[in-house]
Each structure stands twice: as structure tokens, then as C-alpha cells.
Amino acid sequence: MEERWMTLPEVAEYLQVSKDLIYRLAQKGKIPASKVGNQWRFKKEKIDQWMEQKGAARGESSVRQVEAATNQEPRNTDAS
């Protein structure tokens, strides 16, 4: 099985979060990533495992999982 490497914009789209957030997580070592030259690369398999460890099994949305992983305050997603 071939390993799938993703770029930072691909990971942001995949997790439905901003590119800035993924960049900050990579810089802080809070998301599994490798730097190639001046660009970040991410193994899809490692991202999936990381997400599962951070709450995917509880059925949380991608945004809430990433917030939990980074100890951010949850965003108010209510439309009120």
C-alpha cells in the first residue's frame, strides 16, 4: 500500500480547518508532520490516527477535534 503524503492546504481542507491553524500546529509539533525544505508534508495515515486519538471515536466534528488537540476554547457554532 502506497503512503499518501498531503500538503498543508490539503490537510486543512481534509480536516475542514484553516491553513493557519494547521501551520501553527505543525510549528508547535502538535500534529504529525515533516518539513521538506520550507514546506510541510503530512502522512494521511498519521493524520487519521492523530484525529482518532483526539476524539473522532466520540463523533466530534473536525473543528472540535482540532480545538481539543490544541487546547483551544471551543467555538460557538450555534446560528443564534
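Please treat every number below as a calculation from the coordinates, not as lab data. Remember, it's a predicted structure, so these values are computed and weren't measured experimentally.
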Exercise. Return the sequence-ordered ³J(HN,Hα) values of the range 30-37 in whole Hz as given by the Karplus equation 6.51 cos²θ - 1.76 cosθ + 1.60 applied to θ = phi - 60°, using x for Gly and Pro.
Key: 8, 9, x, 8, 10, 9, 10, x
Self-check item: From phi via Karplus (6.51, -1.76, 1.60), per-residue ³J(HN,Hα) for the range 39-44 in Hz, x at Gly/Pro
Solution: 10, 8, 10, 9, 7, 4
Quiz item: Which whole-Hz couplings ³J(HN,Hα) result when phi for each residue of the range 11-26 is put into the Karplus expression 6.51 cos²θ - 1.76 cosθ + 1.60, θ = phi - 60°, listed in order with x for Gly and Pro?
Solution: 5, 4, 5, 4, 8, 6, 9, 6, 5, 4, 5, 4, 4, 5, 4, 5
